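Note sheet for the following structure.
The values are calculated or read from the model by the stated rules, or taken from the named source; none is laboratory data. This one's a predicted model, so the numbers in the text were calculated from it and none came from an experiment. So basically every Cβ, Gly included, is an ideal-geometry build from the backbone, and we count neighbours across all protein chains shown. Side chains are part of the model used for accessible areas, which takes the heavy atoms of the whole protein and leaves out ligands, DNA and RNA. Shrake-Rupley method; radii C 1.70, N 1.55, O 1.52, S 1.80 Å.
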Amino acid sequence: MSAHELEEFPFAGSSYHGPAPVYAKMRAECPVAKVPTAGGVDAWVVSRYEDVRAALADSRLSRALTCAEGAPRIGGSMTTTPEMIISLDSSEHSRLRKLVAGAFTVRRVEAMRPNVQRVCDELLDAIQEKGPVVDLVEAFCVPLPLTVIGEMLGVPSEDLRAFEKDARAFATVDDRAGGEESLAALGRLNDYIVGLIADKRANPGDDMLSDLIAARDNDDRLSERELVTFGFTLIGAGFDTTANQLANSLLALLEHHREDWDRLAAQPELIPTAVEELLRHVNLFATDTTGFPRIAEEDLEIGGVKIAAGDPVIFSLTSANRDGDVFADPDTLDITREHNPHISFGHGMHYCLGKQLGRMEMAIALEGLLRRFPDLRLAKPENELGWHLGEINHTLSALPVIWG
């Protein structure tokens, strides 16, 4: 296979089961390939683990340039703004990241365990009372991480579901429509956070958003625009990826890996290792990438291939996680896998800030469901389940389950 034989990006065939089939050939024959994208420009797609990991840590590949005036619109990528932390490079990114990094350390996240367990147990109580048929997306997978991040930031519980709808719409990718739906949702999120910040300025609380307001007002450590953008970015990033990863992982276990579900029910001590393997094996990303491309600031090389200054570059984390040079039997779900250096949370300066929290939420959620409902199963065939289209993540519309 040569680069000119590749179809338009995003490639067809991606699902929660794994990346588009073409990536296996790319890793073997053209691991760094220039391809046309749905946005009308060509971009380099990087598919092999070592190349992806090295490039993610290369400061010459810029996120900020993707938001500059006249930047190429790369197909299959999410709309971002220059003030978002995911759009910043080097020192500017570090400046904002340091403001909240302390809240996501291993120690601080572990201190949150009782609260996460409380939220999980309350949701499971409601499910048990409502059953025996329940939509786990609506009743569990979304409200668990949404409630946790909402409490961290001090978002009133009655506002969380309205915020959820706009945060998910913001994550929508629709190149044909030019991203209008995503931008409209971004405007609504902006308006909500502006109002919430005003409320918290008048009545500050013991929460992360109040701390960010103090950093703005007392120390001038971020601008007002950055404060507003940081608010909705943290909430959106703090629940949507975890909700989708949890729902997709549950579907995989219940429908295709039932023996692993039953084993975890009998051996819950395997849950932490199983979570890491689910993060590696179950494909979260609808385009097989994070949806956040970069642009080369100068001429450079990736995997021995020359990349010119100004060229856009896309990293396939899902393909990297299926690299046979790193993972033994990479297409098999192995809940006892010991060597598992997956990069589902990214790598380099933009690695996921909430990765420890996401891991803990996944583990607590699995343990609770396995303990309460070991005979849990789908209430309708998998081929009748709906998926939201045009999003950066594989997002189930509903996951109806039954037990007893």
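What the table below lists for this structure:
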| read-out | value |
| --- | --- |
| Rounded, prolate or oblate (a/c below 1.5 giving rounded, otherwise prolate when a/b exceeds b/c) for the chain by Cα gyration tensor | oblate |
| Neighbour cut-off at most 10 other Cβ (10 Å), DSSP loop, trypsin sites (Lys or Arg not before Pro), segment 206-250 | none |
| Within a Gaussian network of the chain (alpha carbon springs, distance under 10 Å), most fluctuating of D199, D211, D219 | D219 |
| Pairwise label distance in nanometres, R161 with D125, each label 7 Å out on the Cα-Cβ vector | 1.9 |
| Where N is the number of residues in segment 1-150, Cα Rg divided by 2.2 N^0.38 Å | 1.41 |
| S344 accessible area, 1.4 Å probe, all protein chains in place, Å² to nearest 10 | 20 |
| Cα lying deepest toward the dipole's positive end in segment 125-246, options L183, A202, A243, charges on Cβ | L183 |
| Charge dipole magnitude, Cβ of K and R +1, D and E -1 - segment 1-157, Cα centre, debye nearest 20 | 560 |
| Prolate/oblate/rounded call for segment 325-366, Cα gyration tensor, a/c under 1.5 rounded | oblate |
| Computed FRET value (nearest 0.05) for V194 with R118, which takes r as the C-beta separation and R₀ as 35 Å | 0.70 |
| Furthest towards positive pole of dipole, L212, L227, V401, structure part the chain, Cβ charges | L212 |
| Pairwise centroid distance, computed over Cα atoms, of segment 25-56 with segment 331-361, Å | 21 |
| Extreme residue, positive dipole direction of the chain, given options L146, Y16, F163 (C-beta unit charges) | L146 |
| Anchor K380: lysines whose Cα lies under 23 Å away (excluding residues fewer than 8 positions away in-chain) | K130 |
| Candidate lysines for bridging to K306, where Cα separation is under 17 Å - those fewer than 8 sequence places away on the same chain excluded | K34 |
| Debye, to nearest 20: dipole size of segment 256-368, +1 on Lys, Arg Cβ, -1 on Asp, Glu Cβ | 260 |
| Choice from G236, G39, G205 with maximal GNM fluctuation in the chain (Cα, 10 Å cutoff) | G205 |
| Choice from P312, P19, P72 with maximal GNM fluctuation in the chain (Cα, 10 Å cutoff) | P72 |
| Probe 1.4 Å, all protein chains present, accessible-area order of E224, E391, largest first | E224, E391 |
| Structure-based [θ]222 nm, the chain - -39500 (n - 2.57) summed over DSSP H runs of at least 4, per residue, nearest 500 | -14500 deg cm²/dmol |
| Cα-based shape type of segment 280-404, given that a ≥ b ≥ c are square roots of the gyration tensor eigenvalues and the cut on a/c is 1.5 | prolate |
| Cα centre as origin, Lys/Arg/Asp/Glu Cβ charges: the chain dipole, Debye | 400 |
| Contact order normalised by residue count of the chain, Cα under 8 Å, 6+ apart, percent | 26 |
| Heavy-atom accessible area ranking, 1.4 Å probe, most first, across S59, S182 | S59, S182 |
